[in-house]
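Beneath this line is the structure, given in structure tokens, with notes to follow.
The values are calculated or read from the model by the stated rules, or taken from the named source; none is laboratory data. Computed from a predicted model, the values in this text were never measured in an experiment. Quick note on the areas: whole protein, heavy atoms, side chains included, nothing else; ligands and nucleic acids left out. Shrake-Rupley method; radii C 1.70, N 1.55, O 1.52, S 1.80 Å.
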Amino acid sequence: MTTNGQPPPTVYRTRRVLVVCNRPAEADEAFAAAIEESRSRGHEVTVRPIDHPSEASRLTEEAVAAGVDTVVAAGGDGTLHGVLNGVLKDGRAACSVGLVPFGTGNDFATACGIPSDDPKLAFQLAIETQAVPIDVGRVNGHWFVNAASGGFGAEVTTDTPQGLKQALGRFAYFLTGLVQFTQVEPRYARLTGPDFDWEGDLLALAVANGPQAGGGFRLAPQAVLDDGVFDVVVIPNVSWTELGTLLSDYMTLRPEANLDRVVYTRVPWVEVHTREELQVNVDGEPIHGTMFRFELRPRALPFHLLPTAPITG
């Protein structure tokens, strides 16, 4: 079993596995064949389809209570978010987690090199390799593994119609962003953390554990999943003519670029206070408020990943 020329460290043993899958995953013939093949090799695999990511948490909690070894999220970032919150309901991961990407953005999977075009390979990775411990974040009672973002990017992700996502994939986010581009207003916020204090008007912010969110936007290119800190990024209020160049320079980390306008720090926790209600997308799922406390739990989640994933090892 290889991907991109990199063999994952296979540790074969039979497992009790719950697969929480969205409808596209349930209908995929290649994925169904991969599940049947795994059963023929002795794995006990239960498949539970869902219509909404919120159902994933309940199904996962039930499986964890029954002693399942691994829960596989077969879907997008929302499905993974639901599984994560079921596994970590009490703050302790009693089983490992795997991912077979069947979403629109698939940001976490893409950043980790989990193949979205080969469900058999992704499923083998999830059930036949040794899990590695990665960090998880928590904000206002919600666990997340990838990133939380607020401001312009968060609103675009939430407001993109599901039908448009299914028809156009990641390009749907771009189209929605064009429509909303001139409607964005900066928000006042104050951010505080260890040796960090910033306040002002912002267009967008991100508290990232992984490097990518929002349908392909590399909002924290240097983020690592097991380094014990968040990568906190703030895009302050700048003119629209400046914004395109600023974001391009930041995402490509060009050494000649002047990135003084981007606020960036790495901290194990951060609090965000706003005057007006802010929407924050937590692994793609929206929450609202005027105060958010982000805390990181180092290496709390066993996750099945390739050696090429953004981890220290």
Exercise. Sorted by accessible area (1.4 Å probe), largest first, how do Arg92, Arg293 line up?
Worked result: Arg92, Arg293
Seminar exercise, completed: Expected field for Trp269, accessible surface area in Å² at 1.4 Å probe radius, rounded to 10, holds 80
Exercise. At a probe radius of 1.4 Å, what is the per-residue accessible area of Thr192, in Å² to the nearest 10?
Worked result: 30
Problem set entry | Geometric extent, Cα atoms of segment 1-136 - Rg, Dmax (angstrom) | 13.5, 38
Exercise. What number, in percent, do you get for the relative contact order of segment 38-102 if the mean sequence gap of Cα pairs under 8 Å and at least 6 apart is divided by its residue count?
Worked result: 35
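Where does each of Ile287, Ile127 land when they are ordered by accessible area, with a 1.4 Å probe and the largest first?
The ranking, largest first, comes out as Ile287, Ile127.
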Problem set entry | Distant-in-sequence amide H partners of Val263 (H built 1.01 Å from N, under 5 Å) | Val234
